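Heads up: the structure comes next, in structure tokens.
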Amino acid sequence: MSEAVQSISASITSDEAQARRRRRNAADTRLRLYGIGAISIAIGLLGILILTLAIGGYQAFVQTHIRIQFPISTENVDPENPSEGNYRNVVREGLAALLPPAESPAQQRAMDQILTNNTQFIVRNAVVANPSVIGGALTLEVPASDIFDQLNKGVVRRATPEQNRRVTDQQIAWFDALVEEGRVSTPFNWGLFFNADSRFPELAGLAGAITGSFYALLVCFLISFPVGIAAATYLEEFAPKNRWTDLIEVNINNLAAVPSIVFGLLGLAVFIQIFGLPRSAPLVGGMVLALMTLPTIIIVTRNALKAVPPSIREAAYGMGASPQQVILHHVLPLSLPGILTGTIIGLAQALGETAPLLLIGMNAFITSPPGGIMDASTALPTQIYIWADSPERGFVARTSAGILVLLGFLLIMNAIAVFLRQRLERRW
Amino acid sequence: MNAMTESKGSTLVENPSVPTVSAGVAMKGDTVKVFYGAKEALHGVSLEIERNRVTSLIGPSGCGKSTFLRCLNRMNDTIEGCRVEGRITLDDDDIYDPSLDVVELRARVGMVFQKPNPFPKSIYENVAYGPKIHGMVHSKSELDEVVVSSLRRAGLFEEVKDRLNEPGTGLSGGQQQRLCIARAIATQPEVLLMDEPCSALDPIATAVIEELIDELRENFTIVIVTHSMQQAARVSQKTAFFHLGNLIEEGPTEQIFTNPVNKQTQDYIMGRIG
């Protein structure tokens with residue numbers, strides 16, 4: 001026996017053994033380096049993505065505004081009926097007071113381009129809200145039109161020859177005069193969050209898309225959460241283990257891998273064509289997303305139920321609890337953190353899903369937030385899709401900004417999931 | 001009803017080794033066979049559990065003692081593919097009779113498990129759970145009373161009276177096991193089954209539980225499965241020795257340990273098998 005021990009101790013100091021140890025250590029180091037390399041690549045790619053978006057999108061978070069005093073004369077606005085006034089003239093008079101008078105109709109049109117096309121409606125709404133200004137004057141911060149916004153942000157370059165530029169030298173001179181007077185400011189662009197979509201980039205915002213996504217996710221949650229939990233509970237706690245339940249299990253896993261566009265086609269064919277539900281509605285969007293989220297929720301719920309130690313079930317059964325009591329009093333409450341975490345991650349996936357929403361028409365041009373789940377609406381990813389397709393310069397930055405907002409929501413949801421997991425998780 | 005009259009009529013051969021001073025039979029197993037799928041784990045065990053006594057089931061691992069214990073409150077029902085044949089009665093009622101409600105049975109035959117398994121709820125909630133789900137109490141004050149008296153009988157009340165609302169999982173192992181005993185006796189069962197209740201505990205906690213078992217005998221009939229022959233000798237009045245799914249020998253504990261009839265029993269007691 002002692003001889004064997006001696007021969008072993010001799011062999012671990014031999015040259016051969018030392019060489020073997022060096023090779024093993026080198027292999028360990030290599031493996032660790034591969035891992036660090038892989039993580040560096042992943043973080044680097046993510047960093048590039050976020051950086052590109054931030055560079056492209058930060059301009060959309062501020063908006064060029066011009067402060068103008070609009071004279072509200074009784075000739076233009078009838079005090080009896082303020083909503084029917086000639087606000088086009090009001091806007092022109094407001095600008096005329098600041099700039100040299102226009103010499104031709106063409107010059108007048110060029111001057112009109114400085115402020116956003118909707119200025120007359122902005123002024124009208126302000127007057128209707130406060131009719132006492134009629135006969136006096138009203139000072140407002142009005143968004144500049146897209147081209148001047150881009151000029152102010154340096155996207156439209158002054159060095160570009162005039163014929164290749166969207167703004168004329170004359171217009172630049174007017175704008176510079178306004179800057180000179182200290183009337184131009186670039187505050188944070190709240191309109192990005194509180195305006196609905198618009199043809200004019202300076203007015204377009206995500207309010208409609210955010211509301212639409214909210215309603216769609218609400219519908220998705222209300223359908224997939226109870227159905228998913230009920231299905232998972234049955235499969236995990238009641239279903240006999242036989243060929244049929246195996247088949248169901250395999251198919252649920254397959255369902256999780258079905259491309260989302262297929263669910264969109266299904267929604268179009270079944271929910272819209274057969275059930276006659278409205279197009280572009282968050283209700284249909286939510287139902288389609290629920291189909292996609294359901295397998296995820298079933299799978300995570302089953303795993304969470306499996307993770308409840310059998311001793312708890314035994315204890316409850318041993319006390320004479322019925323299966324329903326065992327599940328409702330013990331198993332489900334204990335697995336709830338896992339279920340909630342999985343559900344939030346499933347919903348986060350649904351929030352970013354685009355293809356099925358395109359098929360059911362949630363990529364329409366809709367200029368007001370939906371009032372309910374039956375109203376036509378867009379969703380965040382489809383809004384990004386629409387903006388990415390729009391030719392105006394202002395939409396380039398807004399597309400990136402929309403993506404950043406979407407990523408922000410995803411980040412918040414994942415953070416909630418992590419928080420819930422850490423907070424509620426029980427250690428045995 | 002039918003089951004009762006039948007069992008009264010049935011004639012079981014009295015085991016001569018059972019002492020005549022028995023306080024009556026609480027539970028009785030008659031040629032109990034248990035199958036896990038096609039495998040027969042228990043080959044026809046007949047055993048009487050006497051009232052207000054501690055019956056210990058001993059034997060090497062895999063001998064079927066735990067399987068038999070779990071038949072007594074039908075915990076085997078929760079195992080898929082498990083089938084029980086033969087007849088087990090509680091107060092002459094067949095517990096495998098389809099008309100008998102398993103929920104009610106488990107309120108009458110409580111169980112304490114090998115690993116302390118309190119619910120991850122408060123100490124109070126743990127003990128109150130049984131009376132609550134079986135509708136045994138009608139008011140909060142009544143429930144309070146049941147909880148306190150159960151904890152007292154389990155010898156735990158003094159240690160936890162100031163923290164009844166703290167989680168039961170925060171107690172020490174021995175305390176957790178006594179909490180499980182309190183939880184089991186809160187429903188006033190006739191029989192208390194204990195499946196190796198001390199195997200996860202240190203010697204001091206084990207001693208406390210063994211003392212407790214002796215006290216509980218006054219009010220309950222106890223069946224205990226144990227790996228420790230010393231424990232069987234210390235706490236039980238009757239011992240049954242299982243081997244390879246058969247009941248080899250049963251009798252008063254003293255006789256089993258000092259003068260076993262069967263050769264296999266003798267070998268096991270002497271530490272030669274197991």
Starting from the Cα of A:Arg67, move 7 Å in the Cα-to-Cβ direction to define the label point; list residues of segment A:97-138 whose amide nitrogen is under 14 Å from there.
A:138
So what's the back-of-envelope 222 nm ellipticity for chain A, counting only DSSP H runs of four-plus at -39500 (n - 2.57) apiece and dividing by all residues, rounded to 500?
-19500 deg cm²/dmol
Once amide hydrogens are built 1.01 Å from N within the peptide plane, the residues lying 5 or more places from B:Val112 or on another chain with amide H under 5 Å from its amide H are B:Leu193, B:Met194, B:Asp195
Reduced to Cα centres, the span from segment B:57-91 to segment A:268-303 in Å works out to 48
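What is the mean projected area of the alpha carbon convex hull for segment B:35-126, to one decimal in square nanometres? Display every interim value, and only then the final one.
Details: hull surface 31.0 nm².
The Cα convex hull of segment B:35-126, projected and averaged over all directions, gives 7.7 nm².
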Work out the FRET efficiency for A:Asp78 and A:Arg421 from their Cβ-Cβ distance, taking R0 = 60 Å, and round it to the nearest 0.05.
0.45
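How much of the pair distance distribution for segment A:1-128 lies past 22 Å, counting alpha-carbon pairs only, in percent? Working shown, then result.
Details: 5543 of 8128 pairs.
Roughly 68 percent, rounded to a whole number.
Provide Rg over Rh for segment A:66-110; use the alpha carbon set for both Rg and the Kirkwood Rh (inverse mean inverse pair distance).
Numbers: Rg = 11.8 Å, Rh = 11.5 Å.
Expressed as Rg/Rh, it is 1.03.
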Taking max minus min of the Cα coordinates of chain B on each principal axis, largest first, gives extents in Å of 53, 45, 40
For segment A:55-165, using Cα atoms only, the Rg and Dmax in Å read 15.9, 50
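Tell me, what is the FRET efficiency for B:Glu158 and B:His138 to the nearest 0.05, using R0 = 25 angstrom and their Cβ-Cβ distance as r?
Details: r = 28 Å, r/R0 = 1.11.
Efficiency computed from Cβ-Cβ geometry: 0.35.
Students often get this wrong, so check it: of B:Lys65/B:Lys263; B:Lys33/B:Lys65; B:Lys115/B:Lys161; B:Lys65/B:Lys132, which have C-alpha atoms separated by over 21 Å?
Flagged as over cut-off: B:Lys115/B:Lys161; B:Lys65/B:Lys132.
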How far apart, in nanometres, would the label points at A:Arg166 and B:Asn165 be if each is projected 7 angstrom from Cα along the Cα-to-Cβ direction?
6.4
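Hey, any idea what the orientation-averaged projected area of the convex hull of segment A:207-424's Cα atoms comes to, in nm²? Could the numbers behind the result be given before it?
Numbers: hull surface 54.7 nm².
Averaging across all directions leaves 13.7 nm² for the Cα convex hull.
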For segment A:273-341, what D do you get in µm² per second when you plug the Kirkwood radius from alpha-carbon pairs into Stokes-Einstein at 25 °C and 0.890 mPa s?
171
Can you tell me the Rg and the Dmax, both Å, for the Cα atoms in chain A?
31.5, 117
Work out how far the C-alpha atoms of segment B:199-242 reach from end to end along every principal axis, then list the three figures in whole Å, largest first.
27, 24, 14
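Give me the number: length gained by fully extending A:Gln349 to A:Gln18, i.e. 0.36 nm times residue separation minus the C-alpha to C-alpha distance, one decimal in nm. Working shown, then result.
Details: separation 331, 0.36 × 331 = 119.16 nm, distance 5.17 nm.
Length gained, A:Gln349 through A:Gln18: 114.0 nm.
So how much slack lies between A:Asn117 and A:Phe200, counting 0.36 nm per residue of separation and subtracting their Cα-Cα distance, in nm? Spell out each step's value before the answer.
Numbers: separation 83, 0.36 × 83 = 29.88 nm, distance 0.77 nm.
Value of the extension gain: 29.1 nm.
Each reported figure results from applying straightforward, stated rules to the coordinates on display, with no laboratory input. Quick caveat: nothing in here was measured; it's all calculated off a predicted structure. Cβ: placed from backbone, ideal geometry, glycine included. Neighbour counts: every protein chain shown.
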